[in-house]
Structure formats: C-alpha cells, structure tokens
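To start, the structure itself, in structure tokens.
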Amino acid sequence: MCDLKAIRSCRSLLVVALLVVGSVILHADTCNINTEPFWDSNITNGWTGQAQTFEAPSANCSVLSDWEFKLAGRTSPGQITFNIYAWGPSGPVGTALYSQTLDWGTTDQVFDVTGINLALTPGQLYGADIDLQGYSDKSVYFNFNQTGYPGFDGWWYNPDLGGWNDVGGSNQYFMADFTSVPEPGTFLLLGSSLVGVAGVLRRKIHF
C-alpha cells in the first residue's frame, strides 16, 4: 500500500510553503505619488527633455515599480527614452539607472512604464527623465503648482538654454508606484518550507 503518512506530510508542508508565499505577497508595502488630479492644463513646449525629481516615499517603500506620465500628440510618429537617474544640483548624475525607449504617436498618450523594479536609497534624490530625442513642440503634461508633490521640482532641458533648468513650483503630471523588499527572515522561512517539501518528495512511497 502507499505510505499515506508520507503523502499527508508532503501535503502539509506544501500548504505551509504556499501560506508563506501568500504572506510575502500580502505584507509587501505599496505606496504611490500621484500629481495627476492636480493638472492645471500646462503642456511643455520649446524643450527637448523634461524630468521630475523624487525620493522613495519611505524605507518600507523604496522599490520603484511603475511610472505613469502623459504626452501631447506629436506632429509625426517618433520615440522617447524614459530614464531614471540619480539627481544632483545641476541635473542627472552618472549613467542611467534604468532606461527604456517608447513609441510616441500623434495623439495625446498616457505612458505606463511597468516592471521597473529599481531599488532606491531612501533620502537620495532621483530624477525621472523623459528624453524627447530632439523634438521641441508640445510634449510633456505638467502642473505649475506643487499641490500634488510639494518640495520636489520639474526640470526642463534645452541645449540652447544652458542644458537642464530647475523650474521651481512645477511638477510633472505623473503617478509612481513603489513597493517594499521583504525582510531576509521572510525569505529564509519560505526557503525552509520549500526545502522541506523537496525532502519529502524525495522519499520513496512504498507499495
């Protein structure tokens, strides 16, 4: 006959492992920054790049997962590059920490950059940069108020105007989602459960 005791033990450990996985998912903190409800009809014009400075909301929400923003339609189809940089007093610092090229069409368009999963250092200033690849007509939606995200500024880029310019009192029209990294002890518990399941599965079931 089958060793029912071994089968039941395997099932029990599998249930424990699944419960731990569920715990990791449910207890991951999530938070966001959202300036979209405060849009005051401003649209960038005459600049070839725009960026928004930001920080991780907290140590428990320090992984940037998604960034959403909006552009006006351009005169003909083209592309933009979305980048995340460390940010300093004069603009981007070093190389991009994250970069993705996106298609940009001729009608107003909401871009939702997902799967960024970039771990940030709490207290460090960063910038979400939209490189318009030389295009300088109407482009990035922004707010000329800081109601939605006070204390952090929008920046604009034009090589003919000295490069990056900090426009105090403005924010990009954006929504950013952040998550937390589970504590090492949670991963240890999950690993232990899975190892236990694997051990039981290696046992022979006698007939």
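Points worth noting:
- Pair-distance profile P(r), taking every C-alpha pair of segment 30-179, with 5 angstrom steps and integer %: 2, 10, 21, 25, 23, 14, 5, 1, 0
- Protection proxy ranking, peptides 106-118, 135-147, average beta carbon neighbours within 10 Å, highest first: 135-147, 106-118
- Around the amide H of Phe174, modelled in the peptide plane, lie the amide H atoms of Thr35, Glu36, all under 5 Å away and 5 or more residues distant in sequence or on another chain.
- Packing, taken as the mean count of other beta carbons within 10 Å per residue, orders the peptides 148-157, 89-98 from highest to lowest as 148-157, 89-98.
- Positive-end residue of Leu102, Thr121, Gln172, charge dipole of segment 102-180 with Cβ unit charges: Thr121
- Summed residue charge, Cβ within 14 Å of Ser170's Cβ, Lys/Arg positive, Asp/Glu negative: -3
- In segment 93-169, the inverse of the mean reciprocal separation of distinct Cα atoms equals 15.0 Å; this is its Kirkwood hydrodynamic radius.
- Cβ-Cβ FRET estimate between Asn45 and Leu118, R0 fixed at 45 Å, reported to 0.05: 0.90
- Couplings 3J(HN,Hα) for segment 75-92, derived from phi with the Karplus relation 6.51 cos²θ - 1.76 cosθ + 1.60 (θ = phi - 60°), are 5, 8, x, x, 9, 10, 10, 9, 10, 10, 10, 5, 10, x, x, 10, x, x Hz, where x marks Gly and Pro.
Readers should treat all values here as calculations from the given coordinates under stated rules, not as data from a laboratory. Just so it is clear, the structure is predicted and the values come from calculations on it, not from any experiment. Note that we place each Cβ from the backbone using ideal geometry, even for glycine, and neighbour counts take in every protein chain shown.
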